[in-house]
Each structure stands twice: as structure tokens, then as C-alpha cells.
Amino acid sequence: MDNSSILILNVDDNDGARYVKTRILQSAGFQVIEAENGTDALEMARKWLPALVLLDVKLPDISGIEVCRRIKADVATCTVLVLQTSAALIGRDDKIRGLDGGADNYLAAPIEADELIANVNALLRLQRTQTELRNSEERFRQLAENIEDVFWMFRTADGCLLYASPAYERLFGLPLAQLEQAADDWTRAIHADDRARVLASWANLLHSGQYDQEYRLSGGGERVRWVRDRAFLVRDDQQQPYRIARISSDISERKNMEGLLRAADENKNDFLATLAHELRNPLSPIRNAVALMNTLPPERPELHQKARDVILRQVGHLTHLVDDLLDVARISEGKLTLRHQDVELHAVVEPALETVRALVESRGHTLRVNLPQQPLWLHGDPVRLAQIIGNLLHNAAKFTDPGGQIALTVSVPQPDRIRIAVSDNGIGITSYNLKRIFDMFAQGASTADRVHDGLGIGLSLVSKLAELHGGSVQGYSGGIGQGSTFELDLPLKATRSDTPAPAAAAAPGAPQRLLLVDDNTDSVAVMAELLTLTGHQVWTANDAATALALARAHVPQAVVLDLGMPDMDGYALARQLRADPALAQTRLIAHTGYGAERDRERTREAGFDFHLVKPATLEELEQALNAPR
């Protein structure tokens with residue numbers, strides 16, 4: 001071992017003896033400093049903090065035993081080793097007196113060189129072990145006192161508490177001093193419903209060797225605090241248990257997340273069941289309407305028209321469901337784009353009223369609309385603002401028994417705010433549901449003539465759209481049977497600015513040569529018939545190879561192209577069409593069920609001119625066919 005960094009203080013008033021001991025120590029590689037008396041020895045010990053003091057008992061000013069006692073009593077030098085030596089005081093009582101005075105060892109002269117070095121090395125080894133132990137204990141103390149978990153240590157023989165970290169007070173809410181007086185004081189914090197189970201498991205720890213419990217703590221108010229408590233037996237070198245180590249962790253957040261996950265899973269299952277119901281509802285009348293049209297004679301045009309109206313109405317309902325789902329997904333991902341412009345209130349309210357008029361009339365409701373006389377201007381996306389009001393009106397009509405009363409009232413509570421209230425005398429909302437009514441997939445009660453319908457996303461969508469417009473929405477109800485009111489609060493624009501008039505719907509243009517590409521044969525066939533009836537010349541293809549051949553043979557003016565096809569997707573097909581010089585002027589229109597912004601970006605990159613989301617209306621197709629590129 002390299003001793004060159006170890007400093008020893010050699011204290012002896014005998015020059016010859018001091019010289020010999022110094023030479024012996026230096027020959028073993030130690031650094032040595034010397035003192036001739038007790039006073040100098042104490043000063044040098046405090047100044048240099050040697051690893052060991054080799055201390056003669058008989059000194060001229062202070063006895064070596066008193067010097068040792070003072071070294072050990074001084075906080076600065078208490079860890080310094082003291083090896084006492086004496087040529088005169090060598091009896092048994094002298095050695096005992098020296099060791100009782102704090103010496104780590106006592107050697108009587110004559111002392112051989114190897115004996116001196118061996119004793120010094122033994123004491124230094126002991127010091128290193130003690131230092132490592134102290135450092136280890138200090139690391140443990142700092143770790144235990146700076147973690148959020150509670151660390152405990154108990155004695156197995158009598159269950160006495162040896163240590164509990166400061167986190168105990170924060171987690172259990174009880175004084176640590178009280179726990180130190182009564183080791184079972186922690187049991188007072190356990191929730192009454194969990195206490196018996198926890199105490200039984202704790203009492204069985206020594207027998208079973210296992211303790212792992214999750215339980216609630218009492219006194220947490222509305223917020224329940226959960227603890228996970230684990231303990232294990234600490235064994236000695238004979239594998240006998242002599243301590244119990246225990247860790248208590250706050251798992252309240254985990255329990256809360258588990259509850260949220262369970263609720264989300266239940267909501268998911270409810271949503272899937274509701275979605276299946278909502279999709280089947282319109283499919284049934286569509287199928288019946290088609291069957292009716294197949295059996296009706298041509299001379300009954302009024303019934304044919306009624307069947308067509310049913311199909312259009314139910315397809316609109318399906319489209320509305322899908323659009324709501326896509327809107328929620330876009331908002332959740334932060335990808336919903338609002339087209340802000342200055343818009344007058346009537347331009348928002350009237351489309352909303354139009355969307356709900358059929359439902360209101362079919363259920364025999366009375367709808368009162370109270371709007372201020374003066375023009376009121378908003379700054380937002382007119383389509384989304386109309387969607388917000390339309391959803392609120394739709395809910396009012398749907399959850400009010402037939403023959404009910406619905407009111408749309410607009411007021412200006414502050415110069416810069418507008419309040420749009422939709423109230424009804426419908427089924428009302430319980431206080432429990434009122435707290436969660438804007439959550440995704442939340443469902444309340446149902447009217448007498450309807451089960452739960454809708455996906456439970458309408459109000460969540462309303463809330464998110466209102467926030468995107470700098471507003472908010474609140475719901476109020478006196479309870480079941482007391483009706484409800486929803487108030488939409490939005491910023492009011494002080495003055496109007498020049499607002500571009502909305503673009504008029506595209507009128508049918510000159511007939512064109514069109515190629516329709518879709519692997520859904522029914523879809524492409526019906527669209528081909530519809531466009532043929534409007535005067536266009538139409539070819540159809542159900543795969544990419546056929547589409548390429550037809551495009552090169554007929555050079556269509558526009559290609560309406562589905563994206564998801566089995567052999568080659570629409571993106572790749574569009575790139576091949578764009579690569580053909582003969583088709584450079586051909587208009588490419590994507591007609592797909594994919595409507596996210598990233599899908600639109602991909603179609604632009606692939607060379608498409610327009611992106612239509614299924615099911616596109618005839619007006620939307622005509623607009624894409626005739627709009628400037």
C-alpha cells in the first residue's frame with residue numbers, strides 16, 4: 001500500500017526516542033511531523049489533521065492521556081487515531097487508563113519496528129473501514145431524506161422502530177416524533193375499510209417473509225391518497241433475520257390514472273356500441289328506401305321522390321357523424337385549420353337554423369329566435385361558428401320530448417363579448433352529468449321516445465371549437481325534467497371590416513371527358529351514371545393498370561381518383577399520369593375517405609389539383625371540375 005499520502009504526528013519529549021520512531025515510520029513510507037509537548041501536539045493536530053497521532057504518555061506540560069482526551073473531545077479532531085506509547089507506564093492499569101482516555105491502542109516499550117508499523121497499519125485499516133461505513137451511512141441518510149418515499153427500519157425482535165425518513169409526515173400526515181414514541185402510530189392513518197387487512201398482513205410478515213399492500217389513507221378530503229407499502233426481512237451473515245426494511249410510496253397518481261384508463265375503456269366500449277348503433281340506424285332506412293324504389297311502379301313518382309329524400313337525409317346523417325369524428329381527431333392533434341374572417345351574426349345563425357329545421361319540425365317543437373336588431377360582427381370561421389350553434393340546437397331538439405319549446409337568444413353582456421344561449425324545456429341534466437357533459441363520448445339521459453343516440457362527441461366538439469375562437473361554453477340545468485341551457489360566449493368585433501363575399505356554388509360547365517378510378521365498383525358506377533346524366537363523357541376503371549390504359553387512349557380532361565387501391569395506390573398512379581406528357585393538362589381530383597391535413601399534403605405532393613373527401617356532392621364535383629387551377 002502507498003503510505004506517502006498518510007500524515008502521522010509523532011509526539012515525544014525525548015529527542016532520541018522521537019527520532020527513532022520518526023525514522024521507522026518514514027521507512028514505511030509515511031509522512032511524519034513532530035511535536036515535543038502536549039500544547040504543540042494539540043495545535044498541530046487541529047492545524048494538520050493527521051491520520052494518526054503517535055503519542056507518548058509522559059510529556060512535560062500535559063500528560064499524554066489528557067492530550068488524547070482533548071483530541072477526541074474536539075469535533076475537528078475526534079476522528080484522528082491515537083496510538084499511545086510509554087516506556088514507564090507499562091502496567092495493566094496504565095493501559096486500561098490510556099484506552100479509557102480515548103486511545104485507539106496502547107503500546108508499552110520496548111517497541112520493535114515491525115510491531116509499531118503493524119499496529120499503525122491495523123489502526124489505519126480500521127479507520128478506513130469506519131470512514132467507509134460513515135460515508136455509506138451518510139449516503140443512505142441523504143438518499144432516504146431526499147426521496148418522496150418513506151423508508152423505515154424496524155428491529156425484528158420487538159418491532160421497535162429504528163428509523164423513519166422525513167417523508168413520513170408528508171405522506172401519512174402524522175408527526176414523526178409521535179411515531180418515534182409509538183412504532184404503530186402509523187396505523188391510525190389507514191382508511192378504516194383497509195385497516196384490518198393491512199394490519200393482518202403486517203403481523204404475518206415475520207412468518208411469511210412477505211408484505212406488499214396497497215391501501216388508502218384517511219383524512220385526505222375529497223382526494224383519496226393511496227399508498228403502496230412493501231417490506232422485506234434483512235438477514236445477517238448467518239441468514240437470520242434481524243431487521244425489517246420497509247418502503248411506502250404514494251401511488252395516488254397511478255390509481256387516478258388507472259381509474260381514468262378504466263373509464264376511458266368503458267367509454268370506448270360505449271362509443272363502439274353507440275357507433276355501431278348510429279351507423280345501422282341510417283343504413284336500415286336507406287336499404288328499405290332502395291327496396292321500395294325497386295318494387296314501386298314508375299307511375300308512382302311521389303313515392304319514388306319520398307324514397308330518394310330518405311336516402312339523401314340518411315346519407316347526410318352518416319356524413320355528419322363522420323365529419324364530427326374527423327373534426328375531433330383534428331382538434332386533438334392540433335391540425336384543425338380555421339379560416340378566420342369578419343362575419344355578421346345572421347350569416348352564422350341562419351345556416352345553423354337551416355341544419356336543425358327538419359329535426360325541429362319532425363318532433364313538433366316550437367323554436368323561438370331572439371336576435372338584436374343591430375348588426376353584430378364576429379371574427380372567426382363562419383362554417384365552424386355555424387357548426388357550434390347548430391350542434392347546440394340539434395342537442396336541444398333531440399333531448400326534448402316531442403312538442404317542446406326551444407329558444408335561441410343572443411345578448412351582449414359586455415361591449416366586447418356576445419352571448420348566444422340555447423335553452424329548452426327538455427329532459428334536463430343531472431348535476432353529475434353536468435360536470436362531464438363536455439367530455440369526449442359523454443352521454444346523458446334520453447327522451448321518452450329515443451334511446452341514447454349520437455356519439456357523445458357533439459358537446460366536446462362545441463367546447464373545443466369555442467376555445468379555438470377565444471370563447472367558452474357553459475351548461476346549466478335544474479336536473480332531470482327541468483330543461484337545460486347552454487351559453488356560448490364569444491369575442492365581439494367592435495367594427496366591421498371589408499369582408500369578401502362567399503364564393504358562389506360552381507355552376508355546371510361545358511361537358512368534359514372524365515375518367516373515374518375506384519376499386520369500389522358500386523361507387524364508381526353510380527358516380528359515372530350521375531356525371532353522364534349531367535352531360536359528361538365518362539370512362540371507369542377499377543384498378544391502376546386499366547386506368548393508365550384508358551387515360552392514354554382517351555386523354556381525359558379530368559381524372560377523379562380514389563387513393564386506396566390494392567395493386568397501386570392513388571398517389572403512385574397520379575405520379576405516373578403526371579409523368580406522361582400527353583396528360584400534362586389533365587386535371588387530377590382525389591376522391592377519398594382520407595381527409596386529414598397530412599393526406600391533403602400528400603395529394604398535393606403527388607400532383608393532384610384538388611382533394612375531395614367522400615362522399616362528395618355533385619356540386620363539389622362540378623366545382624372541382626370547373627374551378628381555376
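So which residues in segment 21-42 are out of contact with any Asp or Glu (no Cβ under 9 Å at 6 or more places or on another chain), within 18 Å of GLN84 (Cα to Cα) and open to solvent by 80 Å² or more (accessible area, probe 1.4 Å), if there are any at all?
The one that is out of contact with any Asp or Glu (no Cβ under 9 Å at 6 or more places or on another chain), within 18 Å of GLN84 (Cα to Cα) and open to solvent by 80 Å² or more (accessible area, probe 1.4 Å): ARG23.
With the requirement that a residue be open to solvent by less than 30 Å² (accessible area, probe 1.4 Å), touching a strand residue (DSSP E or B) at 6+ places or on another chain (Cβ under 9 Å) and at negative phi, what does segment 588-610 give you? Walk me through how you get there before you give the answer.
Going residue by residue through segment 588-610, those that are open to solvent by less than 30 Å² (accessible area, probe 1.4 Å) are 588-592, 595-596, 599, 603, 606-608.
From what's left, touching a strand residue (DSSP E or B) at 6+ places or on another chain (Cβ under 9 Å): 588-592, 595, 599, 603, 606-608.
Within segment 588-610, LEU588, ILE589, ALA590, HIS591, THR592, GLY595, ASP599, THR603, ALA606, PHE608 meet the criteria.
Quick one: count up the residues across segment 97-137 that are under 17 Å from VAL57 (Cβ atoms) and either among the charged types (D, E, K, R) or at pLDDT below 90 (or both).
Result for segment 97-137: 9.
Is it true that some residue in segment 224-235 is closer than 22 Å to LEU162 by Cα, in contact with a strand residue (DSSP E or B) (Cβ under 9 Å, 6 or more places away or on another chain), among the aromatic types (Phe, Trp, Tyr) and outside any helix (DSSP H, G or I)?
Initially, segment 224-235 is screened for residues closer than 22 Å to LEU162 by Cα, giving 227-235.
Subsequent filtering for residues that are in contact with a strand residue (DSSP E or B) (Cβ under 9 Å, 6 or more places away or on another chain) retains 227-235.
Restricting the remaining residues to those that are among the aromatic types (Phe, Trp, Tyr) gives 232.
From what's left, outside any helix (DSSP H, G or I): 232.
Yes, because at least one residue in segment 224-235 is closer than 22 Å to LEU162 by Cα, in contact with a strand residue (DSSP E or B) (Cβ under 9 Å, 6 or more places away or on another chain), among the aromatic types (Phe, Trp, Tyr) and outside any helix (DSSP H, G or I).
Scanning segment 429-479 for residues that are outside any loop (DSSP other than H, G, I, E, B) and over 25 Å from the mean Cα position of the chain (by Cα), which turns out modelled with the lowest pLDDT?
SER431
If a residue has to be within 54 Å of the chain's Cα centre (by Cα) and open to solvent by 90 Å² or more (accessible area, probe 1.4 Å) to count, how many in segment 295-320 make the cut?
Going residue by residue through segment 295-320, those that are within 54 Å of the chain's Cα centre (by Cα) are 304-320.
Now drop any that are not open to solvent by 90 Å² or more (accessible area, probe 1.4 Å), which leaves 306, 308, 312-313.
Qualifying residue count, segment 295-320: 4.
Give the number of residues within segment 95-107 that are assigned to a helix (DSSP H, G or I) and open to solvent by less than 30 Å² (accessible area, probe 1.4 Å). Explain how you work it out, then say what you get.
Going through segment 95-107, the residues assigned to a helix (DSSP H, G or I) turn out to be 95-100.
Adding the requirement that they be open to solvent by less than 30 Å² (accessible area, probe 1.4 Å) leaves 98.
Total meeting the criteria: 1.
For segment 60-82, name all the residues that are open to solvent by less than 20 Å² (accessible area, probe 1.4 Å) and assigned to a helix (DSSP H, G or I). Before you say what the answer is, go through the steps one by one.
First, the residues of segment 60-82 that are open to solvent by less than 20 Å² (accessible area, probe 1.4 Å): 64, 67-68, 71, 77, 80-82.
Within segment 60-82, GLY64, VAL67, CYS68, ILE71 meet the criteria.
This table checks each residue for (1) touching a strand residue (DSSP E or B) at 6+ places or on another chain (Cβ under 7 Å); (2) in contact (Cβ under 8 Å) with a residue 12 or more places away in the chain; (3) under 14 Å from SER248 (Cβ atoms).
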| position | (1), (2), (3) |
| --- | --- |
| GLU180 | yes, yes, no |
| ASP185 | no, no, yes |
| ARG188 | no, yes, no |
| HIS191 | yes, yes, no |
| LEU199 | no, yes, no |
| ASP212 | yes, yes, yes |
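Restricting to segment 153-187, and then to whatever is surrounded by fewer than 16 Cβ atoms within 10 Å (Cβ to Cβ) and of a type in the set (D, E, K, R), can you tell me which residue is nearest to the chain's Cα centre (by Cα)?
So the residue we want is ARG170.
Which of the residues spanning segment 514-528 are of a type outside the set (Ser, Thr, Tyr) and either in a helix (DSSP H, G or I) or within 44 Å of the chain's Cα centre (by Cα) (or both)?
Keep residues of segment 514-528 that are of a type outside the set (Ser, Thr, Tyr), which gives 514-520, 522, 524-528.
Of everything in segment 514-528, those that are of a type outside the set (Ser, Thr, Tyr) and either in a helix (DSSP H, G or I) or within 44 Å of the chain's Cα centre (by Cα) (or both) turn out to be VAL517, ASP518, ASP519, ASN520, ASP522, VAL524, ALA525, VAL526, MET527, ALA528.
Would it be correct to say that THR85 is open to solvent by 50 Å² or more (accessible area, probe 1.4 Å) and among the β-branched types (Val, Ile, Thr)? It would help to see each step written out before you state the result.
On the way: open to solvent by 50 Å² or more (accessible area, probe 1.4 Å): no; among the β-branched types (Val, Ile, Thr): yes.
For THR85, the condition - open to solvent by 50 Å² or more (accessible area, probe 1.4 Å) and among the β-branched types (Val, Ile, Thr) - is not met.
With the structure loaded, tell me whether ARG246 is open to solvent by 40 Å² or more (accessible area, probe 1.4 Å), in contact (Cβ under 8 Å) with a residue 24 or more places away in the chain and touching a Lys or Arg at 6+ places or on another chain (Cβ under 8 Å) or whether it fails that test. Reasoning before the result, please.
Working: open to solvent by 40 Å² or more (accessible area, probe 1.4 Å): no; in contact (Cβ under 8 Å) with a residue 24 or more places away in the chain: yes; touching a Lys or Arg at 6+ places or on another chain (Cβ under 8 Å): yes.
The answer is no for ARG246.
Within segment 562-599, can you find the residues that are closer than 19 Å to ASP323 by Cβ and among the hydroxyl-bearing types (Ser, Thr, Tyr)?
THR592, TYR594
Does any residue of segment 121-144 turn out to be part of a loop (DSSP other than H, G, I, E, B) and open to solvent by 50 Å² or more (accessible area, probe 1.4 Å)?
Initially, segment 121-144 is screened for residues part of a loop (DSSP other than H, G, I, E, B), giving none.
The answer is no, given that none of the residues of segment 121-144 is part of a loop (DSSP other than H, G, I, E, B) and open to solvent by 50 Å² or more (accessible area, probe 1.4 Å).
I need every pair where a residue in segment 614-627 that is in contact (Cβ under 8 Å) with a residue 24 or more places away in the chain has its Cβ under 7 Å from the Cβ of a residue that is of a type outside the set (D, E, K, R) and assigned to a helix (DSSP H, G or I), sequence separation at least 6 or different chains.
Short answer, once both residue conditions are applied: PRO615/VAL315; PRO615/THR319; LEU618/LEU530.
Open to solvent by 50 Å² or more (accessible area, probe 1.4 Å) and over 29 Å from ASP323 (Cβ atoms) - does that describe any residue in segment 530-537?
Kept after step one, since they are open to solvent by 50 Å² or more (accessible area, probe 1.4 Å), are these residues of segment 530-537: 530, 532-534, 537.
Then drop every residue that is not over 29 Å from ASP323 (Cβ atoms), which leaves 537.
Scanning segment 530-537, I find at least one residue that is open to solvent by 50 Å² or more (accessible area, probe 1.4 Å) and over 29 Å from ASP323 (Cβ atoms), so the answer is yes.
Which condition breaks for ARG170 when tested against (1) touching a residue at least 40 places away in the same chain (Cβ under 8 Å); (2) among the basic types (Lys, Arg); (3) under 22 Å from SER252 (Cβ atoms)?
Every condition holds for ARG170 apart from (1).
Take the residues of segment 615-629 that are surrounded by fewer than 17 Cβ atoms within 10 Å (Cβ to Cβ) and under 42 Å from the mean Cα position of the chain (by Cα): which is farthest from LEU573 (Cα to Cα)? Show your work before the answer.
Step one: list which residues in segment 615-629 are surrounded by fewer than 17 Cβ atoms within 10 Å (Cβ to Cβ), which gives 615, 617-619, 626-629.
Cutting the leftovers down to under 42 Å from the mean Cα position of the chain (by Cα) gives us 615, 617.
On the way: PRO615: 21, THR617: 24 Å.
This residue is THR617.
Scan segment 83-93 for residues that are free of Cβ contacts under 8 Å to residues at least 12 places away in the same chain and either in a loop (DSSP other than H, G, I, E, B) or closer than 14 Å to ASP104 by Cα (or both) and jot them down.
Of the residues in segment 83-93, the ones free of Cβ contacts under 8 Å to residues at least 12 places away in the same chain are 91-93.
Hit for segment 83-93 is GLY91, nothing else.
The values are calculated or read from the model by the stated rules, or taken from the named source; none is laboratory data. Being a predicted model, the structure only gives us computed values, none of them experimental. Methodologically, a virtual Cβ is constructed for each residue, glycine included, from the backbone with ideal geometry; neighbour enumeration extends over all protein chains shown. We work out accessible area using only protein heavy atoms, side chains counted, and drop any ligands, DNA or RNA first. Shrake-Rupley method; radii C 1.70, N 1.55, O 1.52, S 1.80 Å.
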